[in-house]
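The values are calculated or read from the model by the stated rules, or taken from the named source; none is laboratory data. Note that the coordinates shown come from a computational prediction; the quantities given were computed from them, not determined experimentally. Here the Cβ is made from the backbone with ideal geometry for all residues, glycine too, and neighbour counts use every protein chain on show.
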Amino acid sequence: MKVINVVGARPNFMKMAPIIEAMNRYPDQIRHLLVHTGQHYDENMSKVFFSDLGMPRPDIDLEVGSGSHAEQTAKVMMAFEKVCEKHTPDLVIVVGDVNSTMACAITAKKLGIKVAHVEAGLRSRDMSMPEEINRLCTDVLCDFLFTTDSMATENLLQEGIAREKIHFVGNVMIDTLLRHRTLASALPVTERLGLEPGSYACLTMHRPSNVDDRDTLVGILEALVEIARDLPIVFPIHPRTLDKVQRFGLEHYFCRGEHVRGIWITDPLGYLEFIHLTMYARMVLTDSGGLQEETTVLGIPCITLRHNTERPITCLQGTNRLAGNKREAILDAVHAVLNGETPSGLVPELWDGEAAIRIVDVLLAELD
Ligand code: UD1
């Protein structure tokens, strides 16, 4: 079986790493190529993840870089079409919900190549999110839909997708987390940043709905500054957020360097350093998708700065609560955590470190 595995942006790398590892167990049955679309290209948004995760370097880098949604999607499609024509794979595997995921799924399917989507069926029901459009377009085309939980499976069935295409396998991102948590925990990250374990909050924020509008961003920052008077907040800042902060002239909300209180900006961290920061945080504030899942498994309270989530299982079973992006609601959620109102913190079914092995087993059984 000849497979092309696709990665493009930061949250893809930790999902693909265990799949490649599982495929390497069958060198006689599976030949695979790794294609990086180049959607993310900075050292700390891309390259550091390959070394942290022990992933092979990409065989092919499409180097598409940044652009508008249409531009970026189109560039990936044009470049990936040539790769598929040259290498004629039996299967293309895409993960997650970024522009590269959708672009490569459409391209392969139109060339008559089978496509598998890992992390299928997640739905926020919020069509203003580019990721929701990517998820819907990808899932409707795919031949294999690998889901992380029963709610995702249910979403696909409700959309009329045939049951035999859907495989509930668990969560590949958690495969990677469980494999690396011991290593991550031993790193000197909190020491380096001058932080007391358990006495700081970790923040990530990059969604257009939170950072593209000045008033919305200011409202969030006002709440965060208030929280940071008692609980320092560490903020490894995404490039698009940094860009908005500078354009809107909001630098005065942040400090760089060693301060006990306040919101401290750091550059984006590598995978292992970031997991360390999460593990020892009092709480995490985020608008990311994957971090809602990682905090659930690590048992760290997570406050999601969004009104909806495509990962509701992390609220029902995990440590996640939705706070939206308004000042009062964020403060209420933080105070609830500080008062010990932590949700149950169960780990969802099959988030056990074996998801990638299940995926490869399905593919070998059905495609060989
Ligand atoms: C993308 C994904 C989002 C994911 C996020 C993780 C889509 C639609 N969105 O959003 O789901 O949560 O990645 O980071 O695919 N930039 C750099 N260096 C880089 C990459 C980006 O400076 O290596 C800057 C560029 O100015 C770029 C901007 O960040 O224009 C946005 O990058 P892009 O990949 O378009 O979307 P993200 O916001 O990162």
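Quickly run through the range 308-344 and pick out the residues that are assigned to a loop (DSSP other than H, G, I, E, B), in contact (Cβ under 8 Å) with a residue 24 or more places away in the chain, surrounded by fewer than 17 Cβ atoms within 10 Å (Cβ to Cβ) and not polar (S, T, N, Q).
K326
At pLDDT 95 or above and either among the β-branched types (V, I, T) or within 16 Å of the ligand (Cβ to nearest atom) (or both): does that describe M205?
It is true that M205 is at pLDDT 95 or above and either among the β-branched types (V, I, T) or within 16 Å of the ligand (Cβ to nearest atom) (or both).
Wholly within the range 1-112, which helices (runs of 4 or more DSSP H) include no fewer than the required count, namely at least 2 residues that are modelled with pLDDT of 95 or more, away from the ligand (no atom under 16 Å from the Cβ) and in contact with a strand residue (DSSP E or B) (Cβ under 8 Å, 6 or more places away or on another chain)?
Result: 10-23, 69-87, 99-110.
L156 - would you say it is assigned to a strand (DSSP E or B) and either closer than 29 Å to N210 by Cβ or in contact with an Asp or Glu (Cβ under 9 Å, 6 or more places away or on another chain) (or both)?
No, not satisfied.
Evaluate the range 114-124: report whether one residue or more is without any contact (Cβ under 8 Å) to a residue 60 or more places away in the chain, in a helix (DSSP H, G or I), closer than 19 Å to K165 by Cα and in contact with a strand residue (DSSP E or B) (Cβ under 9 Å, 6 or more places away or on another chain).
Here is the first cut: in the range 114-124, the ones without any contact (Cβ under 8 Å) to a residue 60 or more places away in the chain are 115, 117, 120-121.
Restricting the remaining residues to those that are in a helix (DSSP H, G or I) gives none.
Looking for residues that are without any contact (Cβ under 8 Å) to a residue 60 or more places away in the chain, in a helix (DSSP H, G or I), closer than 19 Å to K165 by Cα and in contact with a strand residue (DSSP E or B) (Cβ under 9 Å, 6 or more places away or on another chain), one finds none in the range 114-124, hence no.
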